[in-house]
């Protein structure tokens, strides 16, 4: 999708968000059906090959500025956090459930947390499933602004209008400057991270993406708890 958007010269700014009250609090079990049926094939073709390309495309295949809009609580928030500008709703909670689900957190969220949170905070968030609320996310530098949900998209469009106030070449080349740290992080971390995650996945020879399995591991966020063990 990102590559397709980036290839269309008529696209000038991308606003990327979720729908409904959550950004991502559950999974589509049909999307992981192949994991259960042919784990080896899934681990390479879908998780390692396609997965790392999808994350890298957000950084490498878009010449246009990007605005991530976290519309509520959810995991795999790197898709918004790695945008050039990120804003979120007041009830947003950012967290990563991989470790509690028995999976190595290395399919993009590790690169994102380490880049934005730093080494110690990222390690804590990845190992504990720390629930980071909107105000803490703002203080940590994960997001740029926090807004009431009903004002969120209007604010994203206002930011986009401001970006559009300058010439096309200025917009696009500025994007390449502000994205350079992400490019370095992706080059250094992403392929290796995905490889480590899939090695651990295959070594266990066990699917981890069942709907109820994931739901059990994110329930603490719904309850307003900071992690899944205290």
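Where a number appears in this text, it was derived from the coordinates with a stated rule and is not lab data. As the structure is a computational prediction, the values presented were derived from the model and not from experiment. So basically every Cβ, Gly included, is an ideal-geometry build from the backbone, and we count neighbours across all protein chains shown.
Peptides 82-92, 215-225 ranked from most to least packed by the mean count of surrounding Cβ atoms within 10 Å: 82-92, 215-225. Computed from Cα atoms, the angle from the helix 152-163 axis to the main principal axis of the chain rounds to 50 degrees.
Roughly what % antiparallel, to the nearest 5, for the DSSP beta bridges in the chain? Can you show the working numbers first?
Working: 2 of 15 bridges.
Here the antiparallel bridges make up roughly 15 percent for the chain.
With the highest mean first, a sort of the peptides 112-118, 99-105, 71-77 on other beta-carbon atoms found within 10 angstrom per residue produces 71-77, 112-118, 99-105. Work out, step by step, the length gained on full extension between residue 149 and residue 57: first 0.36 nm times the residue separation, then minus their alpha carbon distance; give nm to one decimal. So the extension gain works out to 30.3 nm. The separation of the range 159-196 from the range 1-52, counted between C-alpha centres, amounts to 19 Å. Distance between the 7 Å Cα→Cβ label points at residue 216 and residue 120: 3.4 nm.
If you run the Gaussian network model on the chain, springs between alpha carbon atoms under 10 Å, then out of 43, 160, 203 the most flexible one is 203. Helix 211-222 and the longest principal axis of the C-alpha atoms of the chain enclose an angle of approximately 60°.
As a test of the formula, what do you get for the chain when each DSSP H run with n ≥ 4 contributes -39,500 (n - 2.57) and the sum is divided by the residue count, at 222 nm and rounded to the nearest 500 deg cm²/dmol? My calculation for the chain gives -13000 deg cm²/dmol from helical runs alone. Between 0 and 90 degrees, the angle of helix 51-60 with respect to the longest Cα principal axis of the chain falls at about 20 degrees. With springs only between Cα atoms under 10 Å apart, run a GNM on the chain and tell me which of 143, 178, 93 wobbles the most. Top of the fluctuation ranking is 178.
Highest GNM mean-square fluctuation, the chain, Cα pairs closer than 10 Å: which of 11, 54, 144? Sorting by GNM fluctuation, first place goes to 11. In this calculation the C-beta distance from residue 162 to residue 5 is compared with R0 = 22 Å, giving a FRET efficiency of 0.60.
Considering every Cα-Cα pair within the chain, what fraction, in whole percent, is farther apart than 28 Å? That fraction is 30 percent.
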